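Peer 1: After the C-alpha cells below, expect a handful of questions from me.
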Amino acid sequence: MEVEDYKRKITHTDYGKGESGLQQYAHGVDKVITEKDFFKISKELLENEKKTDANDKYLTIPTFSNSLPYIAGGVALVTIFIFLIHNDEEWTFIYFLFFSISCIAFVFFTIYFFTMPKKEKILNREDGLITFTGLLWQKNITMPFKNAIFCYSTGGEDATGAFMLQIIRPTKGYTFEDFMIGAQSCYEDISLITWYMDKNRPLPPGDAFDEYRLQDFERRKAEGFPRPGYPSNIPTPEATPEQQAERAKIGGW
C-alpha cells in the first residue's frame, strides 16, 4: 500500500528571543509519557474519520481550523435570519449593533473560507517534525518536535474547557492552537503524542499501527535499539516477548 508523503518543509526551528520565558510558562505541559490508559488510534477511527491517517512514519489529525468558517459563518447567517424574521421589533442601538456585527462576521468568514491557506496537523515520526496551523491567514508551521512548546487551556470560571492540550505558535504574539487528539485530558494527549514521536520506542498501543510494528522493529534493530529520547513513567514493551528479549540483548533496555 502506497503511503502518502506528509513531510513538510521546516518553517521555524525555535521560538526566538521569547523562548526562555515560554519554557517557564506556568501552564506548560512537558513531553513525558505519564498515562497508561490513554486514547488509542484504532482502525475503526481511521475508517470513520477520513482526515486521520496513521502509520509508522506519519500521524495526521483533523483540525478545527478547517471547520471554523463553516461554524462561525453559519452562526452569523442564522443570527441574521433571526433578526430579519423579527423585523417588527424596535431597532434599538443594541439591536442594530448585534445585527451589524453578525453581517460583518458573515462576510468575514465567507471571504476567509475562499482565501484561507491549507490547514494541517501532522506528526512526522520519521523526521521528528510537527506541523500545525497558523493563525487565520498565516501559513502552516513546521518545526522540530523537540523544540515545540505545549501547554494546557485554563477554561472558564467553572473549569469548562480546561486542561485541553495546546501548542504555542512560534510566530509573532505567540498565539495558541488546540492540539487534542481525542483523549480526556492534556496529559493523556501528550503521552500518546510523545510516545508516537519518540522513534526509539515501539509504536504506541492501537491496532491502527499493528501492520507497521514489524518494519518499525526492524528499523530500530538496525540502529541498535537506541534508548528512548523522552522520559516515561510506564514501560513501553515490544509487540512480542521474542522482540522484547532481542531488544534487551542488543539495546540493553
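Peer 1: Which ones in segment 6-41 are polar (S, T, N, Q) and part of a loop (DSSP other than H, G, I, E, B)? I'd like the intermediate steps shown before the answer.
Peer 2: First, pick out the residues of segment 6-41 that are polar (S, T, N, Q): 11, 13, 20, 23-24, 34.
Matches in segment 6-41: T11, T13, Q24, T34.
Peer 1: Condition first: at pLDDT below 90, part of a loop (DSSP other than H, G, I, E, B), of a type in the set (S, T, N, Q) and surrounded by fewer than 11 Cβ atoms within 10 Å (Cβ to Cβ). Can you find one or more residues in segment 86-102 that meet it?
Peer 2: Yes, segment 86-102 contains at least one residue that is at pLDDT below 90, part of a loop (DSSP other than H, G, I, E, B), of a type in the set (S, T, N, Q) and surrounded by fewer than 11 Cβ atoms within 10 Å (Cβ to Cβ).
Peer 1: Next question, about the same structure. When you scan segment 119-149, how many residues do you find that are in a loop (DSSP other than H, G, I, E, B), under 20 Å from K57 (Cβ atoms) and open to solvent by 10 Å² or more (accessible area, probe 1.4 Å)? Even if it seems obvious, please write down each step before you answer.
Peer 2: Start the filter on segment 119-149 by keeping residues that are in a loop (DSSP other than H, G, I, E, B), which leaves 119-121, 125-128, 133-140, 148-149.
Keeping just the survivors that are under 20 Å from K57 (Cβ atoms) gives 120-121, 125-128, 140, 148.
Cutting the leftovers down to open to solvent by 10 Å² or more (accessible area, probe 1.4 Å) gives us 120-121, 126-128, 140.
Qualifying residue count for the region: 6.
Peer 1: Among the residues of segment 106-149, write down those that are at positive phi and at pLDDT 95 or above. Spell out how you get there, then give the answer.
Peer 2: Residues of segment 106-149 at positive phi: 128, 136.
Across segment 106-149, the qualifying residue is only G128.
Peer 1: OK, next. Looking at the structure I just gave you, is T110 surrounded by 13 or more Cβ atoms within 10 Å (Cβ to Cβ), in contact with a Pro (Cβ under 9 Å, 6 or more places away or on another chain) and either of a type in the set (V, I, T) or farther than 20 Å from D30 by Cβ (or both)?
Peer 2: Details: surrounded by 13 or more Cβ atoms within 10 Å (Cβ to Cβ): yes; in contact with a Pro (Cβ under 9 Å, 6 or more places away or on another chain): yes; either of a type in the set (V, I, T) or farther than 20 Å from D30 by Cβ (or both): yes.
It is true that T110 is surrounded by 13 or more Cβ atoms within 10 Å (Cβ to Cβ), in contact with a Pro (Cβ under 9 Å, 6 or more places away or on another chain) and either of a type in the set (V, I, T) or farther than 20 Å from D30 by Cβ (or both).
Peer 1: Within segment 8-63, which residues are farther than 30 Å from A239 by Cα, aromatic (F, W, Y) and open to solvent by less than 50 Å² (accessible area, probe 1.4 Å)?
Peer 2: Selection gives Y15 alone.
Peer 1: Sticking with this structure for a sec: For P204, all conditions in the list (1) more than 21 Å from Y25 (Cα to Cα); (2) in contact with a helix residue (DSSP H, G or I) (Cβ under 6 Å, 6 or more places away or on another chain); (3) without any contact (Cβ under 8 Å) to a residue 24 or more places away in the chain hold save one; what is the number of the exception?
Peer 2: (3)
Peer 1: Also, I was wondering about something else. May I ask you to verify whether I234 is touching a strand residue (DSSP E or B) at 6+ places or on another chain (Cβ under 8 Å), surrounded by fewer than 15 Cβ atoms within 10 Å (Cβ to Cβ) and among the β-branched types (V, I, T)?
Peer 2: Numbers: touching a strand residue (DSSP E or B) at 6+ places or on another chain (Cβ under 8 Å): yes; surrounded by fewer than 15 Cβ atoms within 10 Å (Cβ to Cβ): yes; among the β-branched types (V, I, T): yes.
Here the answer is yes, as I234 does meet what is asked.
The values are calculated or read from the model by the stated rules, or taken from the named source; none is laboratory data. What you see is a predicted model; the values in this text were computed from it and never measured. When we count neighbours, we look across all protein chains shown, and the Cβ atoms used for this are built from the backbone with ideal geometry, even at glycine. Remember, those area values only see protein heavy atoms, side chains included, never the ligands or the DNA or RNA. Shrake-Rupley method; radii C 1.70, N 1.55, O 1.52, S 1.80 Å.
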